[in-house]
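Taking it in order: structure first as structure tokens, then the write-up.
The values are calculated or read from the model by the stated rules, or taken from the named source; none is laboratory data. As the structure is a prediction and not an experimental result, all values here were calculated from the model. Because the Cβ atoms are built from the backbone with ideal geometry, glycine has one as well, and the counts that use them run over all protein chains shown.
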Amino acid sequence: MAGKHIAVQDPAISGSLNLTNGNVLPWHPAGRMSTTATRPAKDGFESLDPSDWNEFRQVSHAALDRMIEHLRSIRTQPVWQAAPDGVLDRLHTPLPRSARGIADVIGEFDQLIKPYATGNLHPAFMGWVHGAGTPAGMVAEMLAAGLNMNCGGRNHAGTEIEKQITCWMKEVFGFPDRASGLFVTGTSMANFLGLIVARNAALGTDVRSKGLAGTPQLCAYASNGVHGCIARAMQMSGIGSNFLRLVPCDEAGAMRIDLLEALIEEDRAGGLKPFLVVGTAGSVDIGAVDPLERMADVAAANRLWFHVDGAFGALAVLSSKLRPLIAGIERADSIGFDFHKWAHVPYDAGYLLVKDGETHKQAFAAANAYLTRAETGLAAGDVWPCDLGPDLSRGFRALKVWFTLQLFGADALARCIEQNCRAAGYLEQRLRASGAFSVAAPVKLNIVCFTVNSDNPGPDNRRIVESLHVSGRAAPSITLLNGKAVIRCAIVNHRTTLADIDRFVADLADTARELAIES
């Protein structure tokens with residue numbers, strides 16, 4: 001990573017691509033462009049299958065090989081790079097009306113899309129909590145796409161795999177057999193659906209048809225470090241974000257239970273109906289963990305739904321070393337988390353786990369004629385995934401999670417989580433010893449927030465981060481702590497080692513020096 005990376009060409013592609021004049025693509029196994037994407041019409045009908053299966057197989061295998069090489073060589077590439085002038089303009093074209101060859105289309109992907117991705121594959125991508133994925137997960141996604149199953153329901157292997165993941169998550173989190181689970185896009189959606197279940201549990205199932213008119217005004221509680229999706233969930237549910245009480249935190253970023261109890265008492269006295277407490281397992285800014293055990297006590301004493309936003313921190317449950325940090329999560333009524341973060345499956349794979357499956361089902365199930373169940377056949381089954389959430393059309397997200405757990409095992413995922421936390425602790429040590437930077441918040445899990453020691457740290461922090469991005473050396477981010485801009489590193493990548501941390505610290509120092517920032 002030393003020095004600046006400006007390369008645009010994918011190192012896995014030899015030669016150059018010329019997609020505008022019909023020249024040969026040198027990596028194409030047949031040595032020519034494919035010209036027909038579909039089978040010729042027969043009896044007035046046209047198929048979208050390849051006109052030449054052998055050619056399609058060769059080109060597709062070559063594309064997979066290049067993608068594998070892209071992953072293998074990720075350290076030699078810039079973390080991120082902006083597309084040169086004019087490149088992205090080539091993506092903005094009129095609607096295609098006629099067919100093109102598969103090699104031509106893959107060539108555009110290789111040249112115009114792949115080099116300008118988010119960057120979260122790279123070990124020096126630390127700015128946001130984005131999982132790194134795995135080559136195995138890529139293969140699982142390919143297999144799932146090949147099957148093209150709709151996992152909204154019905155009797156097939158896809159829904160059974162979802163059920164199996166739910167069984168494993170019950171085991172991991174200590175939930176009872178009656179618990180239910182659902183794959184969604186991400187924890188923002190899982191938190192929203194968890195709030196809907198809590199709302200219906202508080203007001204009864206009639207709220208689904210009659211709405212909130214005439215019902216008591218509900219109010220919910222979360223720490224002031226909670227993710228913004230909780231306020232949005234309150235808005236989308238019809239309850240209103242004005243009735244989300246943000247409870248102040250202690251110096252470690254954890255909710256203060258005494259203030260939580262006081263707010264609940266105050267709202268009850270004011271004629272409101274408290275219904276939900278949201279705990280955070282790994283806050284978005286600093287990785288703080290709320291006192292989940294004590295929150296569970298308060299929720300139980302006040303008969304409130306206890307939901308945990310564990311977008312990345314919940315999967316610390318896999319590690320015997322880290323599990324004590326999230327003690328009490330097993331007492332939650334529902335948990336939202338992402339497999340695409342610390343389980344390293346490809347995007348997207350959010351998940352909602354609900355302790356009482358019947359309450360979960362009552363919040364969403366609908367008796368539609370076209371979803372009639374049968375004793376046998378493809379329509380067999382009792383509870384389908386569409387009974388547990390709003391989506392009927394659903395992809396096979398469960399396969400990449402099943403594939404990952406089968407291939408690596410939960411213990412390997414736990415070790416990678418521990419590695420990330422160890423790397424964060426090491427980064428904290430290096431920064432404290434540097435003299436040029438200061439740690440700005442406690443390091444609880446895998447997130448390190450820090451600031452340059454200068455006369456104008458906020459703007460200087462921004463300059464350092466932007467310079468690192470543009471150079472391709474690293475991708476930290478900026479967050480605001482107490483209204484001040486600080487540098488934030490969220491270490492989520494299984495590829496990140498202590499040597500990568502050393503390089504990052506060196507790049508920080510080099511960048512500050514290049515920008516003439518004096519500490």
- Restricting attention to the stretch 216-274, the residues that are closer than 23 Å to residue 287 by Cβ, among the hydrophobic types (A, V, I, L, M, F, W, C) and not in a helix (DSSP H, G or I) number exactly 10
- Inter-residue pairs, beta-carbon under 7 Å, first not assigned by TED's automatic domain parsing to the domain that holds residue 312 and in the stretch 481-505, second surrounded by fewer than 17 Cβ atoms within 10 Å (Cβ to Cβ) and among the β-branched types (Val, Ile, Thr), 6+ apart: 485/478; 487/478; 488/478
- Query: What do you reckon, is residue 315 buried (at least 24 other Cβ atoms within 10 Å of the Cβ), assigned to a helix (DSSP H, G or I) and at pLDDT 95 or above?
  - Reply: yes
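Suppose the filter is over 29 Å from the mean Cα position of the chain (by Cα) and hydroxyl-bearing (Ser, Thr, Tyr); does residue 185 pass it?
Considered against the rule, which asks whether it is over 29 Å from the mean Cα position of the chain (by Cα) and hydroxyl-bearing (Ser, Thr, Tyr), residue 185 comes out as no.
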- Message: I'd like to check something: does the stretch 291-303 contain any residue that is farther than 22 Å from residue 176 by Cα, in contact with a Cys (Cβ under 7 Å, 6 or more places away or on another chain), surrounded by fewer than 24 Cβ atoms within 10 Å (Cβ to Cβ) and assigned by TED's automatic domain parsing to the domain that holds residue 230?
- Response: no
- Task: Tell me, yes or no, whether the stretch 169-180 has at least one residue that is in a strand (DSSP E or B), among the small types (Gly, Ala, Ser) and at pLDDT 95 or above.
- Result: yes
- Message: So, residue 371, is that one surrounded by fewer than 19 Cβ atoms within 10 Å (Cβ to Cβ) and farther than 30 Å from residue 425 by Cα or not?
- Response: yes
- Message: Would you confirm, using the coordinates I've provided, whether residue 190 is surrounded by 23 or more Cβ atoms within 10 Å (Cβ to Cβ) and either touching a His at 6+ places or on another chain (Cβ under 6 Å) or assigned to a strand (DSSP E or B) (or both)?
- Response: no
- Task: Among residues belonging to the stretch 465-491 that are surrounded by 24 or more Cβ atoms within 10 Å (Cβ to Cβ) and in contact with a His (Cβ under 9 Å, 6 or more places away or on another chain), point out the one that is nearest to residue 284 (Cα to Cα).
- Result: 490
- Task: Find all pairs meeting these conditions: Cβ atoms under 9 angstrom apart; at least six residues apart or on different chains; first residue within the stretch 48-65 and outside any helix (DSSP H, G or I); second residue surrounded by 13 or more Cβ atoms within 10 Å (Cβ to Cβ) and among the charged types (D, E, K, R).
- Result: 48/39; 49/39; 50/39; 51/39
- Message: It is to be established whether one or more residues within the stretch 452-464 are farther than 22 Å from residue 495 by Cβ, without any contact (Cβ under 8 Å) to a residue 60 or more places away in the chain and touching a Gly at 6+ places or on another chain (Cβ under 8 Å).
- Response: no
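To keep it simple, each residue is scored yes or no on (1) buried (at least 19 other Cβ atoms within 10 Å of the Cβ); (2) in contact (Cβ under 8 Å) with a residue 40 or more places away in the chain; (3) under 30 Å from residue 501 (Cβ atoms).
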site	(1), (2), (3)
133	yes, yes, yes
144	yes, yes, no
150	no, yes, no
179	yes, yes, no
204	no, no, no
208	no, yes, no
- Query: Which of the residues spanning the stretch 267-290 are out of contact with any Lys or Arg (no Cβ under 9 Å at 6 or more places or on another chain) and not hydrophobic (A, V, I, L, M, F, W, C)?
  - Reply: 268, 270, 271, 273, 279, 280, 290
- Note on the structure: In the stretch 386-397, anything touching a strand residue (DSSP E or B) at 6+ places or on another chain (Cβ under 6 Å) and in a helix (DSSP H, G or I) is listed as 397
- For residue 442, which of the numbered conditions (1) more than 28 Å from the chain's Cα centre (by Cα); (2) surrounded by fewer than 20 Cβ atoms within 10 Å (Cβ to Cβ); (3) of a type outside the set (D, E, K, R) fails to hold? (1)
- Task: Determine if the stretch 222-238 includes at least one residue that is surrounded by 22 or more Cβ atoms within 10 Å (Cβ to Cβ), of a type in the set (Ser, Thr, Tyr) and within 20 Å of residue 391 (Cα to Cα).
- Result: no
- Task: Scan the stretch 352-377 for residues that are touching a strand residue (DSSP E or B) at 6+ places or on another chain (Cβ under 6 Å) and under 30 Å from residue 416 (Cα atoms) and jot them down.
- Result: 352, 353, 354
- Could you tell me which residue of the stretch 427-439 is surrounded by the fewest Cβ atoms within 10 Å (Cβ to Cβ), considering only residues that are of a type outside the set (Ser, Thr, Tyr) and in contact (Cβ under 8 Å) with a residue 40 or more places away in the chain? 435
- Query: Restricting to the stretch 445-464, what's the tally of residues that are crowded, with 22+ Cβ neighbours inside 10 Å and closer than 13 Å to residue 477 by Cβ?
  - Reply: 6
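Rundown of residues vs (1) modelled with pLDDT under 95; (2) in a helix (DSSP H, G or I), yes/no style:
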| site | (1), (2) |
| --- | --- |
| 297 | no, yes |
| 308 | no, no |
| 311 | no, no |
| 320 | no, no |
| 324 | no, yes |
| 330 | no, yes |
| 345 | no, no |
| 351 | no, no |
| 366 | yes, no |
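Residues checked against (1) within 24 Å of residue 471 (Cα to Cα); (2) surrounded by 13 or more Cβ atoms within 10 Å (Cβ to Cβ); (3) not aromatic (Phe, Trp, Tyr):
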position	(1), (2), (3)
84	yes, no, yes
92	no, no, yes
95	no, no, yes
102	no, yes, yes
107	no, yes, yes
119	yes, yes, yes
123	yes, yes, yes
